[in-house]
1. With the requirement that a residue be surrounded by 15 or more Cβ atoms within 10 Å (Cβ to Cβ), part of a helix (DSSP H, G or I) and out of contact with any Pro (no Cβ under 7 Å at 6 or more places or on another chain), what does segment 106-152 give you?
2. Check segment 40-52 and report whether any residue there is over 19 Å from Gly146 (Cβ atoms), of a type in the set (Val, Ile, Thr) and assigned to a strand (DSSP E or B).
3. Identify, from the list Arg80, Arg84, the residue that is modelled with pLDDT under 90, of a type in the set (D, E, K, R) and under 16 Å from the mean Cα position of the chain (by Cα).
4. Checking Ser47 against (1) among the small types (Gly, Ala, Ser); (2) outside the structural domain of Cys152 (by TED's automatic domain parsing); (3) touching a Gly at 6+ places or on another chain (Cβ under 9 Å): exactly one of these is not met. Which one?
Amino acid sequence: MQDPARPPADEPATIVLHKPVGFDAISGSKPARSLVTPDARWEGDTSGIESIDRHFVRLTPLVPLDREDSGMMVLTQDGRAWRRLTEDADSIEHEYIVEVSGEMGPWGLQRLNHGLQYRGREIPPCKVSWQNEIRLRFAIKGAQPGQLRDMCAQVGLGVVAIRRIRIGRESLGKMPVGSWRYFPVGAKF
């Protein structure tokens, strides 16, 4: 009899990866999905899901990150997770820590929160605040590749590093760079 606390191993897998800088999220010469190996599973994974070989094939990367960015990435075999993270992408908040350099222009923080454009489109309001003297925290929905760098440039800041730490309700937590864990079956972003 199947333990109700432990999902069946034949369920499609969804994986949360802490992508390091230098790996391609979707396609390229150094794909992030190559990091999803049995040996790289985070020791702190509390999903209760037993790894099987089938979990490491046909993983579709979702919610991309630029090659020069790091942080939370999702790869899945599950159509339900795929639909949620693609069809509802503009309604799911993502949180980023952005390390910056330079001097912010007048009203810069106010403009970051509301009042900028990207690729000819007005950016919906978001939540941007200082974490410390060199780091901004962005909580934003529907961010496009390159958008955070462009937003910072519009207020006079250069970007040193970007790390995504949360997608919806799911956080990266203390998972080390380059490791991964299972996203529990039936959980929601």
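1. Within segment 106-152, Gly108, Arg111, Leu112, Gln147, Leu148, Arg149, Asp150, Met151, Cys152 meet the criteria.
2. Start the filter on segment 40-52 by keeping residues that are over 19 Å from Gly146 (Cβ atoms), which leaves 40-52.
Filter again for of a type in the set (Val, Ile, Thr), leaving 46, 49, 52.
Narrowing further to those that are assigned to a strand (DSSP E or B): none.
No, the conditions are met nowhere in segment 40-52.
3. Exactly one of Arg80, Arg84 is modelled with pLDDT under 90, of a type in the set (D, E, K, R) and under 16 Å from the mean Cα position of the chain (by Cα), namely Arg84.
4. (3)
The values are calculated or read from the model by the stated rules, or taken from the named source; none is laboratory data. Since we're looking at a predicted model, the values are computed, not measured. In this analysis, Cβ positions are derived from the backbone assuming ideal geometry, glycine residues included, and neighbour counts consider all displayed protein chains.
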